[in-house]
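To start, the structure itself, in structure tokens.
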Amino acid sequence: MKINDAIWGALFALLGAAILWHVQGFPRIPGQNVGPGLFPGVLAVAMLVCGALLIATGLKARRAEGAPSPWAAAPDWLRSPRHVLAFVVLAAVNVFYLLVVERLGFVLTAFVYLAALLWVLRVRFALVFPVALVMTLVIHYAFYKLLRVPLPWGVLQPIAW
């Protein structure tokens, strides 16, 4: 969806204003000029400025096109069934991961996740499962062994390595 920059700018500026309002309640550190709200406050002000610039750019582009362009327009890929299917599969595997990773375990869930993505991206079918398996094991090794991230084992708990 192509959304005019003015809309994104307004949302960005609103988020910056909300952050700026929120950090006002952060505690002050006695005897210091800076406190825990300084850095988020600076970022919030930068977000407000960038949001204002996006609003100005979006409104200027809208006026420059002669006839007012729509605030939002559907992208070309929405007319392609293949691309819509890829988007739906991408969303579905993320929901699938969130729902079953604790019960099924990371290794099995990631394998199904990657196999589905490789299939929808039209990787040769003979490569889908081997690549999904190898990449799942590489990702598991990197996170579980090297980075020491506790990934769920699920049904594979009896053979956890």
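Below are the figures for this structure:
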| read-out | value |
| --- | --- |
| Cα-based equivalent ellipsoid of the stretch 39-114: semi-axis lengths in Å, sorted from largest, via gyration tensor | 39, 24, 7 |
| Helix axis angle, 81-104 relative to the chain longest principal axis, alpha carbon, degrees | 70 |
| Helix-only [θ]222 nm of the chain, DSSP H runs n ≥ 4, -39500 (n - 2.57) each, per residue, nearest 500 | -21500 deg cm²/dmol |
| Cα gyration tensor shape of the chain, rounded if a/c is under 1.5, else prolate or oblate by comparing a/b with b/c | oblate |
| Kirkwood hydrodynamic radius over Cα pairs of the stretch 92-161, then Stokes diffusion coefficient at 10 °C and 1.306 mPa s, in µm²/s | 128 |
| Dimensions (Å) - the stretch 114-154, Cα atoms, principal axes, largest first | 33, 17, 14 |
| Relative frequency of Cα-Cα separations exceeding 21 Å in the stretch 1-84, percent | 51 |
| Net length gained if the chain between A61 and L121 were fully extended (0.36 nm per residue, minus Cα distance) | 18.1 nm |
| Label-point separation in nm, L53 to E102, each point 7 Å along Cα→Cβ | 4.3 |
| Principal-axis tilt of helix 125-140 within the chain, Cα atoms, nearest 10 degrees | 70 |
| Separation of the V112 and L156 label points, Cα + 7 Å toward Cβ, nm | 1.4 |
| Descending Cα extents along the principal axes, the stretch 1-50, whole Å | 49, 15, 13 |
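Just so you know, all these numbers are worked out from the coordinates, no wet-lab data involved. This one's a predicted model, so the numbers in the text were calculated from it and none came from an experiment. Every residue, glycine among them, receives a Cβ derived from its backbone with ideal geometry; neighbour counts consider all protein chains shown.
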